[in-house]
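Derivation of every value follows stated rules applied to the coordinates shown; laboratory data play no part. None of these values were measured; they are calculated from a predicted model. Don't worry about glycine lacking a Cβ; one is built from the backbone with ideal geometry, like all the others, and counts go over all protein chains shown.
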Amino acid sequence: MYLAAFDTGRRSGYAIYETFGYCQLVECGTFQSSLPNIYAFFDKWSIGHVVAEKPQHYQTHLSKGDPNKLTPLAVECGQIAGIAYCAGIRSDGSDGIDPENISLPYPSTWKGQLPKQVAMRRAKGLLTHNELALAGSDNPHDKWDAIGLGLYELDRIGLRRGWK
């Protein structure tokens with residue numbers, strides 16, 4: 001089984017990890033957000049756990065931009081959770097979302113208020129040599145947020161407290 005981590009955006013980031021043994025990163029990158037592209041991950045991999053960053057609206061004085069720009073991200077996050085549910089990643093709970101297998105943390109939950117460059121450096125510092133080679137030298141922040149989100153979910157950051 002594999003864990004799929006997603007960071008939603010115009011170009012969404014993804015990271016696929018094995019969920020046995022060391023929980024190694026096996027694929028990562030960015031993709032154009034669309035339902036067929038999201039479905040493709042579930043067709044290609046035997047995904048048993050999904051984590052997607054849930055957009056977070058901050059109070060006006062803390063906000064970095066137009067809160068309406070979060071709506072498409074929230075829609076995509078819901079699509080990912082819905083596709084995961086339809087793919088059989090579910091529970092008997094009334095809401096249909098299994099918190100053990102579908103996780104939707106806020107950015108502040110897993111990385112606090114760290115700037116993207118700092119979070120990316122910390123993610124790189126937690127990867128093995130082989131994982132770094134797989135991740136490549138390009139630096140799209142959505143890819144690195146997905147990698148960091150997967151590291152958080154697999155507790156490779158440590159104690160699931162994030163980097164705060």
Practice problem: Mind sorting 120, 1 by how few other Cβ atoms lie within 10 Å of their own Cβ, fewest first? | Solution: 1, 120
Exercise. For segment 132-141, just list the computed ³J(HN,Hα) in residue order, Karplus coefficients 6.51, -1.76 and 1.60, θ = phi - 60°, integers in Hz, with x standing in for Gly and Pro.
Key: 4, 4, 5, 5, x, 9, 6, 10, x, 4
Quiz item: Can you list the residues, at least 5 places off or on another chain, whose amide H is less than 5 Å from the amide H of residue 24, using H built in the peptide plane?
Solution: 18
Quiz item: Taking the simple approach of a point 7 Å from Cα along Cα-to-Cβ for both residue 45 and residue 138, what is their distance in nm?
Solution: 1.8 nm
